[in-house]
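In what follows, a single structure is set out as structure tokens and then discussed.
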Amino acid sequence: MKIRLLLVCIVASLFIPTASDAQILTPAKWKFSANVLNDKEAEIVAICTIEKGWHVYALTATNDKEAIIKPVATSLKVNASKDYDVAGGPTESKFINHYDPQFEMDLNYFENTATFKQKIKIRSDKKFKVSGELEFMACNEEVCVPPDILLFDVEVTPPGAAEGSIEDRRWVTLVFP
């Protein structure tokens, strides 16, 4: 069964470059944002809306360490910056654990929606951007779309941060008689 699934994936990948007129499947839609938790911490949030009948894998797709063929787990990576430090690893909402006959193992995945978060420790008192990448794979009962990598950047405004740099402000001098 695993060899058959691998062969199906290999054969399907051969047709991707020649199928330019084919419709591209996008069963997962992502939105990225930043939530400021306090003056020292914020969290980067990735929310996935998943089409009915599809699923997206958890941060740990399977606990089977010996599996040769397994789905690509979701990963959320935040790039380094002088404006913040990455605090710990990413977290996720509650996932489903279910036996998958295609992969012949228990898998951890999400249906309908999934939320992934990464905390950061704020080191700046000005607005800054957080950039990174998210990798994921979506499957249904019959097929998996190839893994995809999304690049993102979100703006973080620490509490008390000025709305712009001093160069952006217009100064007005009031003269009282």
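The values are calculated or read from the model by the stated rules, or taken from the named source; none is laboratory data. Fair warning: this is a prediction, and the values are worked out from it, not measured in the lab. Positions of Cβ are backbone-derived with ideal geometry, glycine not excepted, and every protein chain shown enters the neighbour counts.
Some observations on this one:
Conditions (1) touching a Phe, Trp or Tyr at 6+ places or on another chain (Cβ under 6 Å); (2) assigned to a loop (DSSP other than H, G, I, E, B); (3) over 20 Å from Ile50 (Cβ atoms), marked per residue:
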| site | (1), (2), (3) |
| --- | --- |
| Ile69 | no, yes, yes |
| Lys77 | no, no, yes |
| Asp85 | no, no, yes |
| Gly89 | no, no, yes |
| Tyr99 | no, no, no |
| Asn108 | yes, no, no |
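- For region 52-70, the tally of residues that are under 16 Å from the mean Cα position of the chain (by Cα) and over 23 Å from Ile120 (Cβ atoms) stands at 4.
- Residue within region 96-116 that is within 16 Å of Asp153 (Cα to Cα), charged (D, E, K, R), at pLDDT 95 or above and surrounded by 13 or more Cβ atoms within 10 Å (Cβ to Cβ) present: no
- Which numbered condition Ala46 fails, given (1) modelled with pLDDT of 95 or more; (2) surrounded by 16 or more Cβ atoms within 10 Å (Cβ to Cβ); (3) part of a loop (DSSP other than H, G, I, E, B): (3)
- Glu141 being over 23 Å from Leu37 (Cα atoms), assigned to a loop (DSSP other than H, G, I, E, B) and either of a type outside the set (A, V, I, L, M) or at pLDDT 95 or above (or both): yes
- Here Pro158 does not qualify as touching a helix residue (DSSP H, G or I) at 6+ places or on another chain (Cβ under 9 Å), modelled with pLDDT of 90 or more, surrounded by 12 or more Cβ atoms within 10 Å (Cβ to Cβ) and in a loop (DSSP other than H, G, I, E, B).
- Of all residues in region 42-73, those satisfying the criterion of being of a type in the set (Ser, Thr, Tyr) and either more than 30 Å from Pro158 (Cα to Cα) or out of contact with any strand residue (DSSP E or B) (no Cβ under 6 Å at 6 or more places or on another chain) (or both) are Tyr57, Thr60, Thr62.
- Candidate set from region 74-95 (those that are loosely packed, with under 15 Cβ neighbours inside 10 Å and either among the β-branched types (Val, Ile, Thr) or over 18 Å from the mean Cα position of the chain (by Cα) (or both)); member that is farthest from Pro158 (Cα to Cα): Thr91
- A single entry from Lys2, Lys29, Lys65 fulfils the requirement of being at pLDDT 95 or above and of a type outside the set (Phe, Trp, Tyr): Lys29.
- Ser131 falls short on exactly one of the conditions (1) surrounded by 19 or more Cβ atoms within 10 Å (Cβ to Cβ); (2) under 22 Å from Ile149 (Cβ atoms), and that condition is (1).
- Within region 27-41, if we keep just the residues that are of a type in the set (A, V, I, L, M) and part of a strand (DSSP E or B), the residue that is farthest from Glu155 (Cα to Cα) turns out to be Ala28.
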